[in-house]
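The values are calculated or read from the model by the stated rules, or taken from the named source; none is laboratory data. If you're wondering where the values come from, they're calculated on a predicted model, not measured in any experiment. So basically every Cβ, Gly included, is an ideal-geometry build from the backbone, and we count neighbours across all protein chains shown. Please note that ligands, DNA and RNA were not included when accessible areas were found on the heavy atoms of the full protein model with its side chains. Shrake-Rupley method; radii C 1.70, N 1.55, O 1.52, S 1.80 Å.
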Amino acid sequence: MQALMQHPPSPMQVFQHPLLQDHGLRCWIKRDDLLHMEAWPGDQAFCGNKWRKLKYNLLEARAHGYTALLTFGGAYSNHIAATASAGKLFGFKTIGIIRGEKPQPLNPTLTFAQNCGMELQFWTREQFRRKEEPEILAQLQQQYPSAYLLPEGGTNDLALQGCAELAEEILVQEQVDYICLSCGTGGTLAGLIQGLAGRSFALGFSALKGDFHLAAVSDLLAPATWINWDVRIDYHFGGYAKTPPALLDFLVEMKTYYLPLEPIYTGKMLWGVLDLVQKGFFPRDSRICVVHTGGMQGWKKD
């Protein structure tokens, strides 16, 4: 598992879009979707921000003698797929608690997880809402005494530690003024803000409807009170996993820039970045980094 500590940085791809040129901006795509284990090169699940979130958790689990990983997620969860993949790669049994009824047949994400050896349990939405209650967690730990418990989305202090390394990695590659990325639980953004320690401005783009991210990220950062960050909540396209035709057309357009995106997280985020460019949000001569956090495992590759 020492390979987890020695992975080379993911590359930075110059992004030359007419809008950026018209507004005097320079932009790079941080290709964290290409950050994966060399021993598992075809895997698009255990990569990107999921690799960063799981990195120190896997080392912690191994150091304390756990032989299994137990976590939670929806039926299309990138985190579920990444945990299943990591378990197969490093020899952990994996258990996934899935929100809602078992789909028939299993979708590609759950099929992938099951093929990696993950035991899938399907909880009603009411049961799933109680997953963080101490009594429920104690029951799971009793049922699976050898399991290391990971929260939904993988966001905890060790996940933030892994995501904090993203900041230094970017700033070594390019000195940028803004770093943009998509938000699910807010853990990657919180880790990035910690790593920046006041350098550059971190701008999150919520993939979900609602204004909860500001409070969620603040809670993750507490007691620190960094002010060099914000979350844009107006690019969710109707809510989680909503994929209107205009967004899908945008994904096709981005392929002409040799940039594969998916519509749940990264597509919405880059759309939002370019919309803010058009609206003059970024001062002229700004240098922008857009983080491709991965998430391609559940998206068709045509």
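Just to verify a result, which residue in region 209-240, among those that are among the β-branched types (Val, Ile, Thr) and exposed (fewer than 14 other Cβ atoms within 10 Å of the Cβ), is farthest from residue 19 (Cα to Cα)?
Restricting to residues being among the β-branched types (Val, Ile, Thr) and exposed (fewer than 14 other Cβ atoms within 10 Å of the Cβ), the top hit is 225.
Output the number of residues of region 77-132 satisfying the condition of being aliphatic (A, V, I, L, M) and in contact (Cβ under 8 Å) with a residue 60 or more places away in the chain.
So the answer is 2.
For the list (1) modelled with pLDDT under 95; (2) of a type in the set (Phe, Trp, Tyr); (3) more than 20 Å from residue 47 (Cβ to Cβ), I need the number of the one condition that residue 122 fails.
Among (1) modelled with pLDDT under 95; (2) of a type in the set (Phe, Trp, Tyr); (3) more than 20 Å from residue 47 (Cβ to Cβ), the lone unmet condition for residue 122 is (1).
Mind checking which residues of region 136-150 are without any contact (Cβ under 8 Å) to a residue 12 or more places away in the chain and not in a loop (DSSP other than H, G, I, E, B)?
136, 138, 139, 141, 142, 143, listed by residue number.
Does region 130-168 hold any residues that are under 19 Å from residue 34 (Cβ atoms) and touching a strand residue (DSSP E or B) at 6+ places or on another chain (Cβ under 8 Å), and which are they? Lay out the reasoning, then the answer.
First pass over region 130-168, keeping only residues under 19 Å from residue 34 (Cβ atoms): 162-163, 165-168.
Once the filter is applied, which keeps residues that are under 19 Å from residue 34 (Cβ atoms) and touching a strand residue (DSSP E or B) at 6+ places or on another chain (Cβ under 8 Å), region 130-168 yields 166, 167.
Taking region 132-157 only, how many residues are surrounded by 15 or more Cβ atoms within 10 Å (Cβ to Cβ) and under 19 Å from residue 84 (Cα atoms)?
Residues that pass the stated criteria total 12.
Restricting the search to region 151-199, which residues are polar (S, T, N, Q) and without any contact (Cβ under 8 Å) to a residue 40 or more places away in the chain?
Within region 151-199, 185, 194 meet the criteria.
Restrict the check to region 158-174 and report whether at least one residue is open to solvent by 60 Å² or more (accessible area, probe 1.4 Å) and not in a helix (DSSP H, G or I).
Checking region 158-174: not a single residue is open to solvent by 60 Å² or more (accessible area, probe 1.4 Å) and not in a helix (DSSP H, G or I).
If residue 188 satisfies all but one of (1) more than 18 Å from residue 66 (Cβ to Cβ); (2) part of a loop (DSSP other than H, G, I, E, B), what's the number of the condition it fails?
(2)
I'm checking my understanding of the structure. Among residues of region 241-292 that are part of a loop (DSSP other than H, G, I, E, B), open to solvent by 10 Å² or more (accessible area, probe 1.4 Å) and over 23 Å from residue 21 (Cβ atoms), which one is modelled with the lowest pLDDT?
Applying the filter and picking the extreme gives 241.
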